[in-house]
Amino acid sequence: MTGTQPTYCRHEKSLSSVIVVWPRACHECDGCNTCPGRAKPEHWLCKNAQQATVAAMRADDMLVLLEVGRCGSLAAAGAALGLNHTTVSRRIDALERELNGPVITRTAQGCELTELGTSILGPGEQIEAALAEAREFALSGATGHALSGLVRVATTEAFGAYVITPILADLHRINPDLQVEIVTQTRLNPYNSGADIEIGIGEPVSARAGSEPLTRYSLGLYASVEYLAGHGSPTTTDELRAHSLIYYIEGLLRVEDLAVIAALTSARHVAFASTSVHAQVMATRCGAGIGLLPAFVADADSSLVRVLYPEVRVVPEYTAWLASRRFRRPAAGPVMQAIREAVWERRAELLPPTGARTGVDAQSADGDHGGRGQGRKATPEL
């Protein structure tokens, strides 16, 4: 059958059940273009057309669509799959031709799935799960359940380097076929970033179903031994006005929970500023001033000394989000659970109790640890 206009199946006797079919999908349709069923959605198929259409669909095209739904853009999906943007676009076009309808719509932020695209994610997930099961069977000889495939985690620079990276490195060592990607961001992304797991500071910019408090952590003031020898150690917060402070660039700070300099000193000056925590630590180590740094980073550096402790103690919170089951990759759930457990084990390091020194502190009398679900706001304790 030729032509671009949809035709209608003569085998459905009731007018209410006449369904639009693809011109090339059903070999028994006679092209009755006067049928009142023309208003039906074009992606509906008659029982004679369905078998021919499904047979023409490719399983890998379904996997491409699944990845586009997770990543939110063709380019990001291509990066995750090891394909270029053109190939991903061609696969989506082929799938839309098979389904006779659009499966994505392009937006300023990337692309979103249409109702049709969302409706076929289930079969795509089943294909992905079957392939993962077959891979695990082949690699483990049906004796184990190793993690495999890609998992992408978006988190902050310091937390990602000092906490998340060791966790994922251990998982990869145990599960060599687990592919890990860590993306740096400060807070939960309001748009689809393609991450299976996101960890950010404070509450999400917009409501994110499924977000959970992961842990609180401590920020404190640190300086090098050499700096303190030359400039003296402040004994009150008022004396901070005589020192150079090291922290984030105020104009580029997008997380309200970290905007705490004004609470520390009336002289709102940051003499050495950077968007990188690693640069802040290095500047503090080199004697540029007194840095407001995460305790889980600075306490491990023997060249740094904590000052005004425990008088100055800022306590923000990390929030975690696991993508919905439909949009996350198969390994994401077990990886998120491993992160929860490892963070809980390191809670004393992340939030050293007041009254103890640093790093190796024991639990305080009031149980002030980096527990899950305690507080939602950075708290300067001066």
Unmet criterion (only one of (1) touching a residue at least 24 places away in the same chain (Cβ under 8 Å); (2) surrounded by fewer than 21 Cβ atoms within 10 Å (Cβ to Cβ)) for GLY232: (1)
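One line per residue, one yes/no per condition, for (1) surrounded by 21 or more Cβ atoms within 10 Å (Cβ to Cβ); (2) among the polar types (S, T, N, Q); (3) at pLDDT 50 or above; (4) farther than 20 Å from GLN126 by Cβ:
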residue	(1), (2), (3), (4)
PRO41	no, no, no, yes
ARG58	no, no, yes, no
GLU67	yes, no, yes, no
ALA77	yes, no, yes, no
ASP93	no, no, yes, yes
Can you find even one residue in region 29-39 that is at pLDDT below 50, farther than 25 Å from VAL151 by Cα, of a type in the set (Val, Ile, Thr) and loosely packed, with under 14 Cβ neighbours inside 10 Å? yes
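Scan region 295-312 and give yes if some residue there is touching an Asp or Glu at 6+ places or on another chain (Cβ under 6 Å) and of a type outside the set (Lys, Arg), otherwise no.
Yes, the conditions are met somewhere in region 295-312.
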Tell me yes or no: at least one residue of region 98-118 is in contact with a strand residue (DSSP E or B) (Cβ under 6 Å, 6 or more places away or on another chain), of a type in the set (Gly, Ala, Ser), in a helix (DSSP H, G or I) and closer than 15 Å to ALA59 by Cα. yes
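The values are calculated or read from the model by the stated rules, or taken from the named source; none is laboratory data. Predicted, not measured: the structure shown is a model, and the values here were computed from it. Every residue, glycine among them, receives a Cβ derived from its backbone with ideal geometry; neighbour counts consider all protein chains shown.
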